[in-house]
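The values are calculated or read from the model by the stated rules, or taken from the named source; none is laboratory data. Since the structure is predicted, the reported quantities are computational estimates derived from the model, not experimental observations. Cβ coordinates were reconstructed from backbone atoms using ideal geometry, including for glycine residues, and neighbour counts include every protein chain displayed. For accessibility, only protein heavy atoms count, side chains too; no ligands or nucleic acids. Shrake-Rupley method; radii C 1.70, N 1.55, O 1.52, S 1.80 Å.
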Amino acid sequence: MRKLGSQIIVMKFKLDKRKIALLIVTLLCVVVSLFAQAQPFFKSHKSINPYQYEVVKEKSFNNAAVTSAHPLASMVGAAIMQDGGNAFDAAIATQFSLAVVFPGAGNIGGGGFMLARKANGELIGIDYREAAPKNASRDMYLDEKGNPIQSKSLDGASASGIPGSVTGMISTHNYAKLPLALLIEPAIELAEYGFVITEREAKGLNSEKANFLKNSSAPSAFTKREWKSGDTLFQPELAATLKRIQQKGLAGFYEGPTADMIVNEMKHSGGIISLEDLKNYQPKFRKPIEFDYKGKHIISFSPPSSGGIIIAQMLKMIEPFKVETLGSNTIESVSLMVEAQRRAYADRAEHMGDPDFWKVPTKTLISDAYAKDRMKDYVPGVAGSSKITLAGQVHESEQTTHFSVIDMEGNMVAITTTLNDTYGNKTIVAGAGFLLNNEMDDFSVKPGVPNMYGAIGGEANSIVPGKRMLSSMTPTLVTVDNKPYISIGTPGGTTIPNQVFEGLVNIFDHKMSLKAAIDAPKFHHQWIPDAIGVESDFPEATINALKAKGYTVAKRGRFGRMDGIMILSDGKRNAAGDKRGDDSVAGY
Ligand code: GLY
């Protein structure tokens, strides 16, 4: 009995111990979760709360500012500058944070272009565009009959170029002041402790859930549930990847476990990126495009982006026509600017590609004489035709994201970065938690065959191992009298150069504020197809007048999300985020 009794007592005691243990564990979980919710996000910047934040569309700051596609990424950049960092520090922290809070285009699995002007006038252009893997070949996206298989250059790992973003940021760090580890830390915290998602992000993740599951070898943080605005997104695998970069630098991404995971993911959907491709990837320093327009000095990105050349061509083509007298988005100004767009984009298709593989006649294309020659058959008020206007004879995606930073010293940074399509090829690298790009579609998979953006190309942009696909990304800076003035850019695939062109004309010729110029409805002509795309709020009177002249005009949803910063005459940094997205400004 005693024995039995003692057994019973022991059992009871055991049960109680288990219950107590369970209770303690439960209590600990509650405390940890409460702590996580209440934990100040930054040790040094307790004001940033990833569970409660707002979009700020425009504000002027005394010292420094950031404008990006997500409020938290902008706040991180601004906080880093308040910590003593410069515009380069802020740009690095913003890019890594965007990879967490804006997964549709912010990235570590994609590439981009970093354009900067240091306060001392030095220009820096870092090309961290993706490159074709060693096993890529010219006809890799054609079937046996020679027809393009577009799903292969858009969907799954087969669409992925070698990612460049991590090298891009580590190269940018040469110009920064703070330790790299400190600049990656905010992104790690956002991934690890989570952040509240916006309605736009919830919709985006839900709409791609089936594609994420189909294209990836394993479920991911994005596919855990149906999302709604206000939910918290935790990305522990991405946090672990960012920690590897934080601890090991380049080797944390391009070698070791992260590289192994990328290469493993290739097997699921016919990808060809190898460990060797990853280890050999190098960023390139490019000489920026520079030109003048009506007293402003414009600096933009050179090939393999077409953006800088195209905006130089278009601004030079319209310069003699006194666009300032024609009004913004009127039939007179739009038809002039469309004819400049037609000519520049015809040249893009024929003459532009990776300059390491194709001789791009940059000097001629951006010369005054060439612009004059290209416009000599322009008749004001008469609709041109892309059958007649071909590329000039010379002798020598819609998802991407842009952010701008200007610091206290006057350093200006403009970065446009991308996975190409929204959420890239919809493949999340199993175990590593980040999305891969589908940038191979920006190559010309077959001469004359349009890519995702309807843009065609030829030999200049054919696929060659190691070559970088032609881009439209146009991070742009402006100076006046050798002093910093504007940092601007936008996503939007082939519409990007046109949006920047129209934004600059709105500011310089139509004297709009930065915010008004960014929000103004945009139009787009890219030579082929021979049609003008306009945003849904474009003036009806101009649409009707263009149609009456013989133009084909089609309404499209919206173009891009332009973000910029302008230094006002009192020295304040006027930052503006596009009305079209969650774009938000921050500064101090
Ligand atoms: N993927 C869009 C661009 O680079 O132009």
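Length, then width, then depth: along the principal axes, the Cα atoms of the stretch 301-364 run 42, 16, 16 Å. FRET efficiency for Asn147 and Ala210, Cβ-Cβ distance as r, R0 = 22 Å, nearest 0.05? With a Förster radius of 22 Å, E is 0.25. Backbone amide hydrogens, once placed in the peptide plane, bring Gly564 within less than 5 Å of Ala576, excluding anything fewer than 5 places away on its chain. A convex hull fitted around the alpha carbon atoms of the chain yields 160 Å³ per residue. 3J(HN,Hα) along the stretch 401-413: 8, 10, 9, 10, 9, 10, 9, 5, 6, x, 5, 10, 10 Hz, from the Karplus curve 6.51 cos²θ - 1.76 cosθ + 1.60 with θ = phi - 60°, whole Hz, x for Gly and Pro. Annotation: aspartates and glutamates with alpha-carbon distance below 18 angstrom to Lys322 (same-chain offsets under eight excluded): Asp292, Glu332, Glu339, Asp368, Asp373, Asp377, Glu502, Asp509. Sorted from longest to shortest, the spans of the Cα atoms of the stretch 96-166 along the three principal axes equal 56, 28, 18 Å. With the simple model of a label 7 Å out from the Cα in the direction of the Cβ, Lys203 to Arg225 spans 2.1 nm.
For the stretch 499-549, the Stokes-Einstein estimate of translational diffusion at 20 °C and a viscosity of 1.002 mPa s comes to 180 µm²/s, using the Kirkwood hydrodynamic radius over alpha-carbon pairs.
Each semi-axis of the equivalent ellipsoid for the stretch 210-344 is √(5λ) with λ an eigenvalue of the Cα gyration tensor; in descending order they amount to 45, 23, 16 Å. At a Förster radius of 51 Å, what calculated FRET efficiency corresponds to the Cβ-Cβ distance of Ala541 and Ser137, to the nearest 0.05? Taking R0 as 51 Å, the efficiency between Ala541 and Ser137 is 0.50. Across the stretch 417-429, coupling constants 3J(HN,Hα) worked out from phi with the 6.51/-1.76/1.60 Karplus curve, θ = phi - 60°, read 9, 7, 10, 6, 6, 4, 6, x, 8, 6, 10, 9, 5 Hz, and Gly and Pro carry x. With all protein chains kept in place, the per residue accessible area of the stretch 473-565 amounts to 29 square angstrom at a probe of 1.4 angstrom. Solvent-accessible surface of the stretch 49-116, taken per residue with a 1.4 Å probe and all protein chains present: 20 Å². For Phe61, the residues whose modelled amide H falls within less than 5 Å of its own, excluding neighbours fewer than 5 places apart on the same chain, are Arg573, Asn574, Ala575. Protection proxy ranking, highest mean first, for peptides 223-230, 144-151, 273-280, 436-443: 436-443, 273-280, 223-230, 144-151, where packing is the per-residue count of other beta-carbon atoms within 10 Å, averaged.
Karplus-derived 3J(HN,Hα) values for the stretch 347-358, using 6.51 cos²θ - 1.76 cosθ + 1.60 with θ = phi - 60°, are 5, 4, 4, 8, 10, 10, x, 5, x, 7, 10, 8 Hz; glycine and proline are entered as x.
Close Lys pairs in the stretch 465-588 (alpha-carbon distance under 17 Å; sequence gap of 8 or more, or different chains): 8.
Size descriptor for the stretch 201-278, Kirkwood hydrodynamic radius: 14.1 Å (Cα pairs only, one decimal).
The lysines whose alpha-carbon is closer than 22 Å to the alpha-carbon of Lys426, local same-chain residues fewer than 8 away aside, are Lys152, Lys203, Lys209, Lys214, Lys224, Lys228, Lys267. Here the sum of -39500 (n - 2.57) over DSSP H runs of 4 or more residues, divided by the residues of the chain, equals -11500 deg cm²/dmol at 222 nm, to the nearest 500. Taking the 1.4 Å solvent-accessible surface of the chain as the whole, the part contributed by carbon and sulfur is 57%. Taking amide H positions as modeled 1.01 Å from N, with prolines and chain starts lacking one, the residues under 5 Å from Val553 and 5 or more places away or on another chain are Ile532. Only beta bridges with both residues in the stretch 480-588 are counted; by DSSP, about 75 percent of them are antiparallel. Taking only the C-alpha atoms of the stretch 404-519, the Rg (one decimal) and the largest Cα-Cα distance, Dmax (whole number), read 17.4, 51 Å.
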